[in-house]
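Trainee: Attaching a single structure in structure tokens format; questions to follow.
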Amino acid sequence: MEKNILRYNEPAHYQQFVPDSEDIWNEATPIGNGSMGAMVFGGVQKEKLQLNEDSVWYGNGGRNRVNPEAKDNYLKVRRMLQDGMIDQAQRLAEDTMMPVPDQQRNYSTAGEIRFDFHDDKEPYCNYRRQLDLNRAVVGLQYTLGSREYRREYFASAAHQVIAVHQEALQNGVAGGCLSLAFFRSNAESVEKLSDRILCLTATEGANGCKYCILAAVKNESGTAEIHRDRIRIQGARAFTVYLSLRSDFYTGNPAGWGKEKLETVLNLPYEDVKEAHIRDYRTYFDRVRFTLGDTDDEKEQMSVPDRLLALKQGRSDPGLTACYFQFGRYLLISCSRPGTQPANLQGIWNRNEHPAWGSKYTININTEMNYWPAESCNLSECHMPLFDLIRRMLPNGKKVAQDMYGLSGFVAHHNTDLSGDCAPQDAVISATLWPMGAAWLCTHIWNHYEYTLDTGFLKENMDLLKEASLFLAEYLFEDKHGKLITGPSVSPENTYIYQDGQESPLCIGPTMDTEITRDLFVACIKSAEITGCEDALTERLKTLLPRLPELSVGKYGQIQEWSEDYEEKEPGHRHISQLYALYPSNQITCEKTPGLMKAARTTLERRLKNGGGHTGWSRAWIINMWARLRDGNKAEENINELLTKSTYPNLFDCHPPFQIDGNFGGTAAIAEMLLQSQNGVITFLPALPRDWDKGSVSGLKAKGAVSVSFSWKQGQVNSGSISVEKGGTCCFIKPDGIQHIASAPCVHITAEGQRVVCNARTPYEIQLSE
């Protein structure tokens, strides 16, 4: 039985003329090619595709939303916080620091198209729908009367089209009608560009982007006609509808761009277009293979909703966990490719014109979480759109730093949008005034370098690291203990209780700010040394680093969330910001900081005891933390919680509503359970659950441009390999039971002969050559 297949026994249910609910949308199946996305509902007689294009955002950016009073008042707010005048500080911040207007632009939908394939009075049977993760193709098969039909959907990056292929089997006849402008109030025109191509032009919001949806048909026998906004096919053995979407963000002539793409595929056999898509997709997907346990054919044949229900009822399903891991990789490949926009709060799949939280780039964890699996799961290229966005943010962030704080450098707050808006977002005191967005994003530059050792990339992006560091170097101030802290700021999005009972999220010295600052300064200093870009700023950063506060353990044995050991108003809060140092950072490790590791565990246990992890992305973060704590059973327990309580029938993550960050966080966590590379040492199976007694993984990446593959049985590695792209020293903890380690550049690990007992705390070092 082939693995990595998501199966469904029925369509996503909807009524044609009634807007579908979020629940029904979350039964549909996502496809995407990086910039174009669609949700496939799998209807038999009537079908629809809900469409997205990653640059279709409401309105235009380019506004200066900084409150003009901020620069003259933020230091007053800081002094009030220092003096314990918490309520007064919050009132002044709300009056003088909140943005005007308070909203960035939001991501939108490109609407939907409708298909009529059959008379809706004729019942169907033998229905099967599946998403094949190995090929990135959605397949549909069903019977009407005595006639069998097959349908396929995919989004091709190779040809920049979405394909819908309908085929009648056993000498049957296929037909249908496509409607391009169904219930579409933002359509400006519908134009017939040729006998085979129809183009709809629409605008998104006042002064918003203009975009085009083009449809073309290629029929095998029968006839195809275009009238108004419709394409009608009759009497065909098979036909393919190709769609292309583009906005004027990418090109001044989106219709011409789309027409060129469609004319190309119309001149090719359908199978050639499909094979080109599969070939391109597999260059990414096939890099990592993952199995858990023995293949269970019965479970592999079950539908995803049935497997989720069985898991909820207590039936173990390690195969579903492996499939969930690969689904996360599928999503990242499908919504973030070189040259596209980065994955937003919903990847690229969004049904609403004004979605929850604007489906923007929420950069106080969510956008960063989207890219946690990019490096470890061997999808480094998928990381590149994030760096393009940071580059676009830079001039805006420098202006915000000057206009809002009177400081140099690059700042961003807890959200940004397509235009790279860096001013604060919303007027919500628990989130808005957090000046660490650019800093956290820029740590991804160093993360990408650590995994790839790409010095050219690092040098190209040194200015981003330096400008983000420069802002913080100027923003830091000395607290009463002589340490350098930030403020005003927040610990996203939590509230503390001051010693006299005042409550506020607004504070000075939140722990995560210090942790991010430390990571950024270290990254900037090391990057400058590697690229030969050292200067007065990097020398200054070296003097500032020792003056940052060390992590503190509070009265409950927990890592303090703030510089003072305040009580939390919500001890079960979804954010666990103080544990940034545990994951995604490595400031807390088993080997180097065992005392802080114990405190981190206490922190996590307190959060969970008080109801933490109740959102999908928070639960995914928790799994990563348990992996770093080397507790595989707790990690697996929380994977099951993620799947049974925070996962929709189509495996989308449930915040609620849908947010894609939990999918990516979950995928990263599974990789973290299998392999970790911290402080220059690779560790195999650091957090293996009891139930994962047998399995294999190939193609995971470790820091140092290293690829790792291995299999295990009864909890012990029995064979594997370590392959390097660049020379250097590979340092890893030699797994128990391994006798022989062969020569570089590919280190083969075998379990031949008798068992060799080794010290699991002693890294095994080997020199590797390219």
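The values are calculated or read from the model by the stated rules, or taken from the named source; none is laboratory data. Just so it is clear, the model here is predicted, and its values are computed rather than measured. Here the Cβ is made from the backbone with ideal geometry for all residues, glycine too, and neighbour counts use every protein chain on show. Only protein heavy atoms, including side chains, enter the accessible area calculation; ligands, DNA and RNA are left aside. Shrake-Rupley method; radii C 1.70, N 1.55, O 1.52, S 1.80 Å.
Trainee: So how do 635-642, 712-719 stack up, highest first, on mean other-Cβ count within 10 Å?
Mentor: 635-642, 712-719
Trainee: Between residue 711 and residue 185, what length comes free when the chain is fully extended (0.36 nm per residue of separation minus the Cα-Cα distance, one decimal in nm)? Please list the in-between numbers first.
Mentor: Details: separation 526, 0.36 × 526 = 189.36 nm, distance 5.54 nm.
In short, 183.8 nm is gained.
Trainee: Let's test the formula: R0 of 35 Å, r as the Cβ-Cβ distance of residue 534 and residue 275. What FRET efficiency results, to the nearest 0.05?
Mentor: 0.10
Trainee: Rounded to the nearest whole Å², what accessible area per residue is found for the chain with the 1.4 Å probe? Walk me through the intermediate numbers first.
Mentor: Details: 27280 Å² over 770 residues.
On a per-residue basis, the chain sits at 35 Å².
Trainee: Continuing with this model, one more query. For the chain, what's the relative contact order in percent, using C-alpha pairs closer than 8 Å and at least 6 residues apart?
Mentor: Numbers: 1787 pairs, mean separation 88.2, N = 770.
After rounding, I find 11 percent.
Trainee: Now, a different point. If R₀ is 51 angstrom, what is the calculated FRET efficiency for the pair residue 88 and residue 679, using the beta carbon separation as r and rounding to 0.05?
Mentor: The formula returns an efficiency of 0.70 here.
Trainee: Just from its helices, what would the mean residue ellipticity at 222 nm be for the chain, if runs of 4 or more DSSP H residues each count -39500 (n - 2.57) and the sum is divided by every residue, rounded to the nearest 500 deg cm²/dmol?
Mentor: Taking each H run of at least 4 residues, the total per residue is -9500 deg cm²/dmol.
Trainee: Treating each Cα of the chain as an identical point scatterer and ignoring solvent, apply the Debye formula and state log10 I(q)/I(0) at q = 0.07, 0.09 Å⁻¹.
Mentor: The calculated log intensity ratios at q = 0.07, 0.09 Å⁻¹ are -0.52, -0.86.
Trainee: Ok, one more. Toward the positive end of the charge dipole of the chain, about the Cα centre and with charges on Cβ (Lys, Arg +1; Asp, Glu -1), which of 206, 158, 344 goes farthest?
Mentor: So the residue we want is 158.
Trainee: A further question on this structure: Taking only Cα atoms, what is the 0 to 90° angle, nearest 10, from helix 437-452's long axis to the longest principal axis of the chain?
Mentor: Once rounded, one gets 80 degrees.
Trainee: For segment 120-242, what does the relative contact order come out to in percent, with C-alpha contacts under 8 Å and a separation of six or more?
Mentor: 20 percent
Trainee: Oh, and also: Which translational diffusion coefficient, to the nearest whole µm²/s, is obtained for segment 640-694 from the Stokes-Einstein equation, given a Kirkwood hydrodynamic radius over C-alpha pairs, 20 °C and 1.002 mPa s?
Mentor: Answer from the Stokes-Einstein relation: 169 µm²/s.
Trainee: A follow-up question, please. Got the relative contact order for segment 53-187 handy, in percent, Cα pairs under 8 Å and 6 or more residues apart?
Mentor: Answer for segment 53-187 is 20 percent.
Trainee: For the chain, which whole percent of the accessible surface, found with a 1.4 angstrom probe, sits on carbon and sulfur atoms?
Mentor: On the way: 12500 of 27280 Å².
C and S fraction of accessible area: 46 percent.
Trainee: With a point put 7 Å past each Cα toward its Cβ, work out how far residue 645 is from residue 2 in nm, to one decimal.
Mentor: 3.6 nm
Trainee: Still on this model: When you count, for each residue, the other Cβ atoms within 10 Å and take the mean per peptide, how do 530-539, 303-312, 214-223, 373-382 rank with the highest first?
Mentor: 373-382, 214-223, 303-312, 530-539
Trainee: What do you get for Rg/Rh of segment 449-556 when both radii come from the Cα atoms and Rh is the Kirkwood radius?
Mentor: Values: Rg = 16.3 Å, Rh = 15.4 Å.
Rounded to two decimals, Rg over Rh is 1.06.
Trainee: Ok, one more. Would you mind checking 480/542; 3/645; 76/398; 312/645; 542/726 for any pair whose Cα atoms are more than 18 angstrom apart?
Mentor: Working: 480/542 22 Å; 3/645 24 Å; 76/398 22 Å; 312/645 8 Å; 542/726 29 Å.
Those over the limit are 480/542; 3/645; 76/398; 542/726.
Trainee: Between residue 150 and residue 544, how many nm apart are label points set 7 Å from Cα along the C-beta direction?
Mentor: It works out to 6.1 nm between the two label points.
Trainee: Continuing with the same structure: If eta is 1.002 mPa s and T is 20 °C, what Stokes-Einstein diffusion coefficient results for segment 568-692, Kirkwood Rh from Cα pairs, in µm²/s?
Mentor: 148 µm²/s
Trainee: Moving to a separate point now. At a Förster radius of 22 Å, what calculated FRET efficiency corresponds to the Cβ-Cβ distance of residue 121 and residue 221, to the nearest 0.05?
Mentor: 0.30
Trainee: Out of 77, 104, 59, whose Cα points farthest toward the positive end of the dipole of segment 56-117 (charges: +1 Lys, Arg; -1 Asp, Glu; placed on Cβ)?
Mentor: 77
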